[in-house]
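> One structure coming up, written as structure tokens, with questions to follow.
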Amino acid sequence: MSQLTVAKFGGTSVADADAMGRCAAILEQNPSTRLAVLSASSGVTNLLVALASGEHQPDSRASLLQQLTEIQQGILDSLERPEMLTRHIEEILHHIKELSDSAAISPTKALHDEIVAQGELMSTRLFVELLRQRGTQAIWFDVRRVMRTDDRFSRATPDLTALAAAAEEELRPLCDHQLVVTQGFIGAANDGRTTTLGRGGSDFSAALLGEALAAAAVEIWTDVPGIYTTDPRLVSEARAIPEISFSEASEMATFGAKVLHPATLQPAVRRQIPVFVGSSKAPEAGGTWIRNSTPSQPLFRALALRRNQVLLTLTSQSMFQAHGFLAEVFGILAKHKISVDLITTSEISVSLTLDAGAELLTEEVQAELSKHCHLKVEHGLALVALIGNRMSEVNGTGSRVFQALSDVNIRMICYGASPHNLCFLVEEDVAGQVVADLHRELLPA
Ligand code: ADP
Ligand code: ASP
Ligand code: MG
């Protein structure tokens, strides 16, 4: 067949049978979509994460399992012939119970991924049956056969070469003949153990599979009709952007626009595959096309917000007119696989921000860093990113931005490394207002 399209449906899009029906209609209208990549039904992954934590007593686990069962049962009940699947879903739920009992005794990272992966395994089974009952032929495919990863559970890295070879051999022949339904978010290590790609990872899965199959397009169907000028839940005046470049959209995803997992666009960029973002609730409303370049390149395009940032300030007299200090610090962070976001330096100190740093910045890491410098760790901060074009080249950009922020204490600024973004750190409790103010001043309708 000619080039296929990959469509990904997020948690709210497959939340219940009605929502799944809308996804089915989208697929039925576009026969060139041959691969559907699904998330778990809304709320399911959170329940599974709680069950996998091993922190819940038997009563509380029973209640979590009950909630999980109700979500699956609600979808089963809407099927014309639920008996085709009831037994299978019951088996999966029983398997989850056994695994979570084990996690309560001895939680492990591998067990965690095995448990949370069950959400996508269930939603895809239910969706295939729903499609069949609508008269649309589709087959279920276990993505772990192709999505090979390393064994860094919870945040596994895909092996692109293995994925490309396996997708060519196992997935393409199936897609040539029918619609294939598979799971986002999950993969398998070399030894066959289940892994996951990180929360929100189904977008990334869809783009990786699109890359492996050289898709004509990747569609991300979610609960908003496109990428907005900022999170519409935060600023009601935010509006959808019809077209945006890969560079701008990547910056948005990286700096907190939850609508796309941060890594989603890397595979699309490598293969130059256009990505569409639209709402499965209102496909007729259109959405956003993300492409290599766009006719309009406004100075200010959008705002993104990332909460829960950690600011690390390292001070050392030996940094003064010396060399090697930064290499030492970054060596320690690299050894512990801690990725650094923003950096600023002064004569004897360097400040860094870490995303979700609290969990990675263990006492061991802090002790190691403290051997080389004085360490200050600050929490309760949020990172605001202004996304646009040629921002580092146009006179007066800084003054326009900072005038709009005249009443705010800005803890750190990063500007100039990319023409597409200007980032700064503010106190968490004013961050929402900062985004609203900047949106009003810099992105008026
Ligand atoms: P899914 O379950 O489909 O993956 P997500 O909840 O992960 O959906 O992403 C969709 C949500 O992303 C929207 O409901 C919206 O609140 C949020 N969001 C954050 N920033 C933006 C933005 N710039 N444009 C659109 N949505 C955004
Ligand atoms: N179900 C997973 C999550 O909730 C992956 C995804 O939906 O993208 O994080
Ligand atoms: Mg998502």
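> Out of everything in segment 230-240 that is of a type in the set (D, E, K, R) and surrounded by fewer than 19 Cβ atoms within 10 Å (Cβ to Cβ), what residue ends up being nearest to Gly432 (Cα to Cα)?
Arg233
> From the set of residues in segment 254-301 that are modelled with pLDDT of 95 or more and among the charged types (D, E, K, R), which is most open to solvent (accessible area, probe 1.4 Å)?
Glu284
> Can you tell me which residue within segment 158-194, out of those that are of a type in the set (Asp, Glu) and more than 21 Å from the chain's Cα centre (by Cα), is farthest from Thr124 (Cα to Cα)?
In this case the residue turns out to be Asp191.
> Further question: Mind telling me which of the residues Leu312, Leu354 ends up being open to solvent by less than 40 Å² (accessible area, probe 1.4 Å), of a type in the set (A, V, I, L, M) and free of Cβ contacts under 8 Å to residues at least 60 places away in the same chain?
Leu354
> Further, regarding this structure: Please give the number of the condition Ser39 fails out of (1) of a type in the set (Ser, Thr, Tyr); (2) within 16 Å of ligand 2 (Cβ to nearest atom); (3) open to solvent by 70 Å² or more (accessible area, probe 1.4 Å).
Exception for Ser39: condition (3).
> Given the conditions (1) within 16 Å of ligand 2 (Cβ to nearest atom); (2) within 16 Å of Leu131 (Cβ to Cβ); (3) of a type in the set (A, V, I, L, M), which single one is not true for Ala25?
Only one criterion in (1) within 16 Å of ligand 2 (Cβ to nearest atom); (2) within 16 Å of Leu131 (Cβ to Cβ); (3) of a type in the set (A, V, I, L, M) is unmet by Ala25, namely (1).
> Considering each residue of segment 377-434, count those that are assigned to a strand (DSSP E or B) and of a type outside the set (A, V, I, L, M), and give that number.
Summing the residues that are assigned to a strand (DSSP E or B) and of a type outside the set (A, V, I, L, M) in segment 377-434 gives 10.
> Let me ask something else about it. Just the residues that are open to solvent by 10 Å² or more (accessible area, probe 1.4 Å), away from ligand 1 (no atom under 16 Å from the Cβ) and assigned to a loop (DSSP other than H, G, I, E, B), please, taken from segment 198-229.
Scanning segment 198-229 gives Ala214, Ala216.
> Any residue in segment 60-80 that's in contact (Cβ under 8 Å) with a residue 24 or more places away in the chain: show its pairings with residues that are open to solvent by 60 Å² or more (accessible area, probe 1.4 Å) and among the acidic types (Asp, Glu) at Cβ separation under 8 Å, as long as the two are six or more apart or on different chains.
Final answer for the pair search is Ile71/Asp16; Gly74/Asp16; Ile75/Asp16; Ser78/Asp16; Ser78/Asp18.
> Can you name the residue in segment 158-210 that is more than 16 Å from ligand 3 (Cβ to nearest atom), hydroxyl-bearing (Ser, Thr, Tyr) and in contact (Cβ under 8 Å) with a residue 12 or more places away in the chain and is also farthest from Asp113 (Cα to Cα) among such residues?
Thr182
> In segment 42-64, which residues are assigned to a helix (DSSP H, G or I) and either more than 16 Å from ligand 2 (Cβ to nearest atom) or in contact with a Cys (Cβ under 6 Å, 6 or more places away or on another chain) (or both)?
Pro58, Asp59, Ser60, Arg61, Ala62, Ser63
> Residues that are within 16 Å of ligand 3 (Cβ to nearest atom) and within 19 Å of Ile343 (Cα to Cα): find the strands (runs of 3 or more DSSP E) completely inside segment 230-332 holding 2 or more of those.
Filter on segment 230-332 gives 300-315.
The values are calculated or read from the model by the stated rules, or taken from the named source; none is laboratory data. Keep in mind the model is a prediction, meaning the values are calculated, not measured. Virtual Cβ from ideal backbone geometry, glycine too; neighbours counted across all protein chains shown. Note: accessible area is taken over every heavy atom of the protein model, side chains too, but ligands, DNA and RNA are not part of it. Shrake-Rupley method; radii C 1.70, N 1.55, O 1.52, S 1.80 Å.
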